[in-house]
Amino acid sequence: MTDAIALTWSAWDDLTPVQAYDVLRLRVDVFVVEQRCAYPEIDGRDLEPGTQHLLATRGGRLVGYLRLLEDGATESSPARARIGRVCVAQSARNEGLASQLMRVAVAAAGEREQVLDAQAHLARWYARFGFTEASDVYSEDGIPHVTMLRPAAADAAASRASG
C-alpha cells in the first residue's frame, strides 16, 4: 500500500528552503528536462502577492505541484485566477494526482473566472474541469499551447440557463 498524499497550500515566503528547492527541482525536471525545453522556468510570478503554491507530498517527498496566481484586470479581461505549472513526478504518475491537484485548485479559485495556458494535447483533459478553449493553438517555447477559460460561477449559471 502506498503512503497517502498530503496536499498543502503555501505562499512562497512560507516555504522552507528545502521545499522551495524541491518545487523548483520538480518543475525543472518536468518542464525543462523531460520536455527538452529550455525556457525561463523561474519567471518571477512565484513571489507575487496572492500567489499560492499547492504541494503534494508522499512520505515527506514532493510528488506533485501547481501554482495559483492572481491575474489583475486588463482592458481585455477581468481579474481572474490563473492555474499553472501543474506537474507530477514520474514516480507518482497514473495515480490521479494531477486530477486531484486540479480539483483542489479550481475549488480554491472560487467563483471567479479562471484561466490557464494548456499544452494543446492536454486541452481535452483540462476540459474535464470546466475549461474551454479560448484561443487558437500557439507556440510557447516550441510547444503547442492553447489558452483555456473556466467562466465565473455567475457566468456559467447564466450560460446554462440560457442554453
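The values are calculated or read from the model by the stated rules, or taken from the named source; none is laboratory data. Values in this document were obtained by computation on a predicted structure and should not be read as measured data. Cβ atoms come from the backbone with ideal geometry, glycine included; neighbour counts cover every protein chain shown. We work out accessible area using only protein heavy atoms, side chains counted, and drop any ligands, DNA or RNA first. Shrake-Rupley method; radii C 1.70, N 1.55, O 1.52, S 1.80 Å.
May I ask you to verify whether ALA79 is hydrophobic (A, V, I, L, M, F, W, C), farther than 27 Å from TRP12 by Cα and without any contact (Cβ under 8 Å) to a residue 40 or more places away in the chain?
Against the criterion (hydrophobic (A, V, I, L, M, F, W, C), farther than 27 Å from TRP12 by Cα and without any contact (Cβ under 8 Å) to a residue 40 or more places away in the chain), ALA79 does not qualify.
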Next item on the list: Test each condition in (1) exposed (fewer than 11 other Cβ atoms within 10 Å of the Cβ); (2) closer than 27 Å to ASN94 by Cβ for GLN35 and report the one that comes out false.
Entry: (1)
Notebook entry, point to check: Considering only the range 39-77, how many residues are assigned to a loop (DSSP other than H, G, I, E, B) and closer than 27 Å to ASN94 by Cβ?
Noted result: 4
Next item on the list: Collect the residues in the range 107-131 that are among the hydrophobic types (A, V, I, L, M, F, W, C), open to solvent by 20 Å² or more (accessible area, probe 1.4 Å) and assigned to a helix (DSSP H, G or I), keeping them in residue-number order.
Entry: ALA107, ALA108, ALA120, LEU122, TRP125, ALA127
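Give the residue, chosen from VAL88, VAL104, VAL137, that is among the aliphatic types (A, V, I, L, M) and crowded, with 17+ Cβ neighbours inside 10 Å.
VAL88
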Notebook entry, point to check: How many residues does the range 1-31 hold that are at pLDDT below 90 and either open to solvent by 40 Å² or more (accessible area, probe 1.4 Å) or assigned to a strand (DSSP E or B) (or both)?
Noted result: 3
Item checked: Hits in the range 50-71 - residues which are within 17 Å of the chain's Cα centre (by Cα) and more than 12 Å from ALA109 (Cβ to Cβ) -> THR51, HIS53, LEU55, ALA56, THR57, LEU62, VAL63, GLY64, TYR65
Checklist line | Qualifying positions in the range 49-76 - under 18 Å from ARG112 (Cα atoms) and in contact (Cβ under 8 Å) with a residue 40 or more places away in the chain | finding: THR51, GLN52, LEU68, ASP71
Next item on the list: Determine the pairs where a residue that is touching a residue at least 12 places away in the same chain (Cβ under 8 Å) and among the hydroxyl-bearing types (Ser, Thr, Tyr), located within the range 18-40, has a partner that is outside any helix (DSSP H, G or I) and open to solvent by less than 90 Å² (accessible area, probe 1.4 Å) with Cβ atoms under 7 Å apart, the partner being 6 or more residues away or on another chain.
Entry: TYR39/ASP141
Item checked: Residue among GLY72, GLY50, GLY59, GLY44 that is of a type in the set (Gly, Ala, Ser), closer than 15 Å to LEU7 by Cβ, open to solvent by 40 Å² or more (accessible area, probe 1.4 Å) and at pLDDT below 95 -> GLY59
Check: Out of curiosity, is GLN100 at pLDDT 95 or above and within 13 Å of the chain's Cα centre (by Cα)?
Finding: yes
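Let's see how each residue does on (1) of a type in the set (D, E, K, R); (2) within 26 Å of VAL23 (Cβ to Cβ); (3) at pLDDT below 95; (4) under 14 Å from the mean Cα position of the chain (by Cα):
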site: SER77; (1), (2), (3), (4): no, no, yes, no
site: ALA92; (1), (2), (3), (4): no, yes, yes, no
site: ASP141; (1), (2), (3), (4): yes, yes, yes, no
site: PRO144; (1), (2), (3), (4): no, yes, yes, no
site: MET148; (1), (2), (3), (4): no, yes, no, yes
site: SER159; (1), (2), (3), (4): no, no, yes, no
Check: In the range 139-151, what residues are out of contact with any Asp or Glu (no Cβ under 9 Å at 6 or more places or on another chain) and free of Cβ contacts under 8 Å to residues at least 40 places away in the same chain?
Finding: SER139, PRO144
